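Structure first, then comments.
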Ligand SMILES: Nc1ncnc2c1ncn2[C@@H]1O[C@H](COP(=O)(O)OP(=O)(O)O)[C@@H](O)[C@H]1O
Ligand SMILES: [Mg+2]
């Protein structure tokens, strides 16, 4: 069961207690949002969950195994697409498969099977610098998916896109994720994006960071992609805003 | 952006050089300056044409020394840059030494190589290596160090091995910087070889220069200088050409 349980994580960075005691979890196929002010330690939290960084205290359990400080179980995507300018999109996307030991040709073939689903068909031979930000994020998403398909950590994946592209990418994401059904943790500082995409949202406080609010979203991922008119939306949005002290 | 340089921008420097050459020719003629003091550009070209086979033979040895030294310097730079990048202790120990070595004037140590290794090609190749190594190694090292650490973290999260990270991420991302160092040393390499030849050699443009100069055949000296320039420019162009083949993706600019 791909589920994430983060228990009592705390971390001091540069002499400053950044993460207080953080408890968050994501059940199988959950889409969990993490909202919080800039600099509160959201990326740090993901660095810890992904195993890149060790927490001072606390543990990370995935599928019931203690994976604190161990990389390799989850895949992790950031705001920057981090595609290699030296490789074309197909080669970029197949990197995780190559790293897992597949021969290059086979890795490319396997990656190619997903190009249509991720809306990348026809762009295989392009270099990243020839593509728009949206297309690059799609490629980065597919690369992330090919490393570990069932648990994805997404750190502000759309933050650098313009508003229209962002909206398009959000409905694209809903579309793709409805097919692949991963467990997702999604960092954003965009309240509406969180309400639009997530089943559940954690709102984090300022440093030392703790979970200030956990809230379930009843109308997540609407298939129509339009504005949500449910009156509860406003109530939830206000609650989240208040927790963020906006 | 290179694409948008218009033709006028290209013509301007050419016209300017032509004006200078015409002025030079005119002054030499007007003041009837003798050839053994300052020949005019036409005379230089004439001398070059008359002595073409001989100069070509000398140029060949010089070119050989350049290429040999250049390749050795590249290989050497890669090894040193790789070790420095992977082993912090090695970098701390060697980096200051390499920088300090640049304060030693090549011209003052080159005669020693003649004493140690004779009048053959080897001492010239060593001079070329010394001249070329620094720009190449420093730019390669800079390129490796400038790789965005987010790439490294991403690859670490994918459990990539160090060698994989070096080959897939660091090396390609450092290539543009490496090639700019390479272009600089391509031009330097000819100079290095000529300096080596000045101090004593059987063959080469430097030898031809010293011989001509001793017999006051200034037009020949200038012809040799012209040959050196052409050689440097050709090596520069060669490196740019190779760069296009090795890193074709670098032509695309970030959107
Ligand atoms: N390696 C580090 N050393 C010291 N301080 C760090 C380090 N990484 C991040 N920080 C600091 O920790 C805080 C949280 O950073 P981050 O997790 O990136 O925040 P967020 O992603 O929520 O914007 C910031 O104030 C940042 O400056
Ligand atoms: Mg962040």
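Select, from B:149, B:215, B:185, the only residue that is assigned by TED's automatic domain parsing to the domain that holds residue B:99 and under 27 Å from the mean Cα position of the chain (by Cα). Walk me through how you get there before you give the answer.
Numbers: B:149 fails: under 27 Å from the mean Cα position of the chain (by Cα); B:215 fails: under 27 Å from the mean Cα position of the chain (by Cα).
Going through B:149, B:215, B:185 in turn, the sole match is B:185.
Within the stretch A:75-87, residues that are facing chain B (nearest Cβ under 8 Å) have Cβ atoms under 7 Å from residues that are within 12 Å of ligand 2 (Cβ to nearest atom) and not in a strand (DSSP E or B) in these pairs: A:76/A:46; A:78/B:150; A:80/B:150; A:82/B:150, counting only partners at least 6 apart in sequence or on another chain. Listed by first and then second residue, the pairs linking a residue in the stretch A:114-128 that is part of a loop (DSSP other than H, G, I, E, B) to a residue that is surrounded by fewer than 16 Cβ atoms within 10 Å (Cβ to Cβ), with Cβ atoms under 6 Å apart and 6 or more places separating them unless they lie on different chains, are A:115/A:121; A:127/B:252.
Only one of the numbered conditions (1) crowded, with 18+ Cβ neighbours inside 10 Å; (2) over 13 Å from the mean Cα position of the chain (by Cα) is not met by residue A:162, and that is (1).
Residues in the stretch A:112-131 that are within 12 Å of chain B (Cβ to nearest Cβ) and crowded, with 19+ Cβ neighbours inside 10 Å were compared, and the one that is nearest to residue A:149 (Cα to Cα) is A:128. Test residue B:249 against the stated conditions and say whether it is within 30 Å of residue B:153 (Cβ to Cβ) and more than 16 Å from the chain's Cα centre (by Cα). Here the answer is yes, as residue B:249 does meet what is asked. When residues in the stretch B:101-135 are screened for being touching a residue at least 24 places away in the same chain (Cβ under 8 Å) and assigned to a helix (DSSP H, G or I), 20 of them pass. Identify, please: which residue in the stretch A:1-56 is farther than 17 Å from residue A:200 by Cα, more than 14 Å from every other protein chain (Cβ to nearest Cβ) and without any contact (Cβ under 8 Å) to a residue 24 or more places away in the chain and is, among those, nearest to ligand 1 (Cβ to nearest atom)? Residue satisfying both the conditions and the ranking: A:14.
Screening the stretch A:6-98 for strands (runs of 3 or more DSSP E) wholly inside it with 3 or more residues that are away from ligand 2 (no atom under 16 Å from the Cβ) returns the ranges A:16-26, A:57-62. Answer yes if at least one residue in the stretch B:69-85 is free of Cβ contacts under 8 Å to residues at least 24 places away in the same chain, under 16 Å from the mean Cα position of the chain (by Cα) and in a helix (DSSP H, G or I), and no otherwise. Yes, the stretch B:69-85 contains a residue that is free of Cβ contacts under 8 Å to residues at least 24 places away in the same chain, under 16 Å from the mean Cα position of the chain (by Cα) and in a helix (DSSP H, G or I). In the stretch B:156-225, counting only helices (runs of 4 or more DSSP H) that sit wholly within it, the ones holding 1 or more residues that are within 14 Å of chain A (Cβ to nearest Cβ) span B:162-165, B:171-198.
Scanning the stretch A:101-111 for any residue that is away from ligand 1 (no atom under 16 Å from the Cβ), within 14 Å of another protein chain (Cβ to nearest Cβ), in contact with a strand residue (DSSP E or B) (Cβ under 9 Å, 6 or more places away or on another chain) and modelled with pLDDT of 90 or more turns up nothing. If only residues of the stretch A:213-246 that are loosely packed, with under 11 Cβ neighbours inside 10 Å and closer than 15 Å to residue A:192 by Cβ are counted, the one that is modelled with the lowest pLDDT is A:226.
The number of residues in the stretch B:136-155 that are in a helix (DSSP H, G or I) and at the interface with chain A (Cβ under 9 Å from one of its Cβ atoms) comes to 5. Would it be correct to say that residue A:160 is out of contact with any strand residue (DSSP E or B) (no Cβ under 8 Å at 6 or more places or on another chain), within 14 Å of another protein chain (Cβ to nearest Cβ) and within 16 Å of ligand 1 (Cβ to nearest atom)? Criteria met by residue A:160. Filtering the stretch A:203-214 to residues that are within 16 Å of ligand 2 (Cβ to nearest atom) and assigned to a loop (DSSP other than H, G, I, E, B) leaves A:205, A:206, A:207. Taken together, the residues in the stretch A:159-202 that are over 22 Å from residue A:233 (Cα atoms) and assigned to a loop (DSSP other than H, G, I, E, B) amount to 6.
Residues in the stretch A:1-19 that are within 11 Å of residue A:56 (Cβ to Cβ) and surrounded by 17 or more Cβ atoms within 10 Å (Cβ to Cβ): A:9, A:10, A:11, A:18, A:19.
Sort through A:74, A:93 and tell me the only one that's modelled with pLDDT of 95 or more and either exposed (fewer than 15 other Cβ atoms within 10 Å of the Cβ) or touching a helix residue (DSSP H, G or I) at 6+ places or on another chain (Cβ under 9 Å) (or both). Checking each option against the conditions leaves just A:93. Taking the stretch B:52-69 on its own, how many of its residues are more than 15 Å from residue B:122 (Cα to Cα) and surrounded by 20 or more Cβ atoms within 10 Å (Cβ to Cβ)? Summing the residues that are more than 15 Å from residue B:122 (Cα to Cα) and surrounded by 20 or more Cβ atoms within 10 Å (Cβ to Cβ) in the stretch B:52-69 gives 3.
The values are calculated or read from the model by the stated rules, or taken from the named source; none is laboratory data. This is a predicted model, so every value here is computed, not measured. As a convention, Cβ positions derive from the backbone with ideal geometry for all residues, glycine included, and neighbour counts pool all protein chains shown.
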